Amino acid sequence: MSKTFVKLVADITKRTDSRIVLALDPPINPYALKNPEERLRERLNTAARIKNLLAELDGLVSGVKIGLPLIFGLGLDLVEEIISTHRKSYFFICDPKMADIGHINRLEAAQLFDVGFDALIIHAAVGIKGGIDEVVSLAEEMDKGVLGLCAMSHPGAGEHLNKHYNELLEIAAKAGVDGFVVPATYPHLITSTKNAYPSTIIFSPGVGTQGASFGSALAAGADYEIIGRSIVQDPFPAVRAREILKEIKETGIDVQKIALALAKHRCVMVGEFKLTSGLMSPYYIDLRATPSHQDLFDLITSAYVAELKSRGISFDRIAGVATAGVPIGALVAYKLNKPFLYIRREERTHGTKSLIEGVINPGESILIVDDAVTTGGSLLKAIEAIQERGGRVEYAMVLVDREQGGAQNLAKKGVKLISLMTASRLIQELYLKGFISREDYERVIKYIQESKNIQS
C-alpha cells in the first residue's frame, strides 16, 4: 500500500473540501479525420480545452480519473502534459481497464506511472498471483496507488460480475490495494465494504448521469464520488460543480456532518482514556453531553430515524441503554411514534429490583439503542434483561462502532448491529477536516486495526 498516495489524496481533499473525482472521458476520435494535420490539431485543441476545464474546476474537485477513450484520443504524451500542468491541484487516477496477466499489467502500469498518474484501477477478477500482485509490487516500488475494481454500475454487471462481489473484494484486499471502486448504484455494497474495510478508500462511479443521486454514495460510506458527464458536458462546468457540492451538503452526508459537529462540541478527543470495558484507548467518544447541544442532538437522532426508515425494519418498542443511549433512544422513539423504555446500569436496590424501566409485553420485538459499542458488553446485558422479560431482540443500533468485537459478539447471540459510522471513518473525517494531526490519526487507526486483529 502507498502511504504517499493516501497522503496526497488527504492533503488535496483538505484544501478543496470536495469529495468529487472528475471522470474525463470526452467523445474524442481523431482517427475519424483522415488528414494527419487535422488529427494533430484535434488532439491539441482537445488537450487545451481540458487544461482550461481543470483550471476552471480548481478548488471544486479533488481528483481526476482518465480512461482509455481519452488516452487513445490524445496519446500518453499529451496526457502527461495535462497531468504536469495541474499536478499541484489534483490527484490523477487512470482507468486502463486493466484485466490481463501480471506481466502485461506491469508493463502497462509502468508507462502510466511514468507519465504521472498517482494511481490506477485494476479488475480484481484477474486474481492475485500473476495478476494483481505484479502491479501492487510495482506500485510499492514507485510509491504509487492501486485501486481494486470489484463491481460495476451498468445493469449487465448483475448477470455475473457483481454476484461475486464479496469474493472479489477479499481478493483485492489481500492483494494490498489502496482503495476499492464500488458503484454508487449499489449503495448496500458501499456500506458493507466500508464496514468490512473502514480504513480503505472507496471511490464510487455511477453518480449523476448513470442514476445515483449526488451525495448518495458518500452517505452510504464512500469517500469519493466519481462524476463525469454531469459536470464535463455542462455549458458552465464550474457553476455546475458548485451546485453539485451544494446539493451534496444539503441532502446530507450524515457521517461527515455528525463527525464535524462532534469535534466542534468536543465530543471526540484524542489522548489516553480508560473505557467502560476496562480497555485503554487513544481516543474517546463522549455522547452524554449531546442533548445540551440542540443542533448536534437533532442531527444524531434524525440520522438514527433516517437509517431505520431506509432499512424498513419492523419493531414494537425502543429501549435505550444507560447512560447516553437513554436520551438518544427516547427522542428517536418520539420521532418514530414508538413506546420507549430504558435499561439501567445496575438493578434497583428497592421496589421491583429490575434493570428495565418501562413496559415489555411477551413476544414484542425491541430495538436497543445506545451511543457506541466496543466489545458489546452493555448491549449483551440489555439483551439478556429484555429476553428475561419475554421480549425479542433482533437489532441493536449505535452511532459509532469502535470495531473491537461488538458486532461479532452480538451476532453470536443472533442480534444484528446497525452502526451509523465506524470509528475509523469518524477519525478519518476529523483528520481530513484538520481537527486532529496526522500523527494522532495514524496512532488511532493503528490502534483500531490492532484491536480488530486481536478480536479476529
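The values are calculated or read from the model by the stated rules, or taken from the named source; none is laboratory data. Fair warning: this is a prediction, and the values are worked out from it, not measured in the lab. When we count neighbours, we look across all protein chains shown, and the Cβ atoms used for this are built from the backbone with ideal geometry, even at glycine. With ligands, DNA and RNA removed, areas are computed over all heavy atoms of the protein, side chains included. Shrake-Rupley method; radii C 1.70, N 1.55, O 1.52, S 1.80 Å.
Note that the stretch 329-339 has calculated 3J(HN,Hα) couplings of x, 5, 6, 5, 4, 4, 5, 9, 6, 10, x Hz, one per residue in order, obtained from phi through the Karplus relation 6.51 cos²θ - 1.76 cosθ + 1.60 (θ = phi - 60°); glycine and proline are x. Evaluating 6.51 cos²θ - 1.76 cosθ + 1.60 at θ = phi - 60° for every residue in the stretch 74-85, the Karplus couplings come out as 8, x, 5, 4, 6, 4, 4, 5, 5, 4, 4, 5 Hz, glycine and proline recorded as x. Cross-link list 264/338; 51/257; 3/129; 264/413; 97/257: which exceed 29 angstrom alpha carbon to alpha carbon? As for pairs spanning more than 29 Å Cα to Cα, those are 264/338; 51/257; 264/413; 97/257.
The simple spin-label model puts a point 7 Å past each Cα toward its Cβ; for residue 114 and residue 76 those points are separated by 0.6 nm.
Relative to the current alpha-carbon distance between residue 142 and residue 11, full extension at 0.36 nm per residue lengthens the span by 45.2 nm.
Around residue 141, under 13 Å between beta carbons, what's the net of Lys plus Arg minus Asp minus Glu among the other residues?
Here the count lands on -3.
Between residue 104 and residue 85, the contour length at 0.36 nm per residue exceeds the alpha carbon distance by 4.0 nm. With θ taken as phi - 60° and the Karplus curve 6.51 cos²θ - 1.76 cosθ + 1.60 applied, the whole-hertz 3J(HN,Hα) list for the stretch 317-326 is 9, 10, 10, x, 9, 5, 9, 5, x, 6 Hz, x standing for glycine and proline.
Projecting label points 7 angstrom from Cα along Cα→Cβ for residue 311 and residue 292 puts them 3.0 nm apart. Here the stretch 359-399 and the stretch 65-82 have alpha carbon centers that stand 56 Å from each other. When the charge dipole of the chain is built from unit charges on Cβ atoms (+1 for Lys and Arg, -1 for Asp and Glu) and taken about the Cα centre, the candidate among 287, 374, 197 whose Cα reaches farthest toward its positive end is 287. Helices in the chain, meaning DSSP H runs of at least 4 residues, each add -39500 (n - 2.57). Divided by all residues, the mean residue ellipticity at 222 nm is -14000 deg cm²/dmol. When peptides 170-179, 133-142 are sorted by average Cβ neighbour count within 10 Å, with the highest value leading, the order is 170-179, 133-142. Solvent exposure of the stretch 70-134 amounts to 41 Å² per residue of accessible area, where only protein heavy atoms count and the probe is 1.4 Å. Taking amide H positions as modeled 1.01 Å from N, with prolines and chain starts lacking one, the residues under 5 Å from residue 356 and 5 or more places away or on another chain are 344. Basic side chains Lys and Arg get +1 at the Cβ, acidic Asp and Glu get -1 at the Cβ, and with that the dipole of the chain about its Cα centre reaches some 1060 debye. Compared with the dominant Cα axis of the chain, that is its longest principal axis, helix 133-142 is turned about 80°. Of the whole protein surface, residue 451 contributes about 10 Å² of accessible area at a 1.4 Å probe radius. Multiplying the residue separation of residue 239 and residue 438 by 0.36 nm and removing their Cα-Cα distance gives an extension gain of 68.4 nm. Positive-end ranking of 356, 59, 426 along the dipole of the chain, with charges on Cβ about the Cα centre, is headed by 356.
Looking at the chain alone, DSSP beta bridges between its own residues are antiparallel in about 10 percent of cases. Considering every alpha-carbon pair of the stretch 113-243, the percent of pairs per 10 Å bin, from zero through the bin containing the longest distance, is 13, 40, 33, 13, 1. Once P(r) over Cα pairs in 10 Å bins from 0, in percent is calculated for the structure shown, the corresponding label among [x] 4, 16, 24, 23, 16, 9, 6, 3, 0, 0; [y] 4, 22, 32, 25, 12, 4, 1, 0; [z] 4, 19, 28, 24, 14, 7, 3, 1, 0, 0 turns out to be [z].
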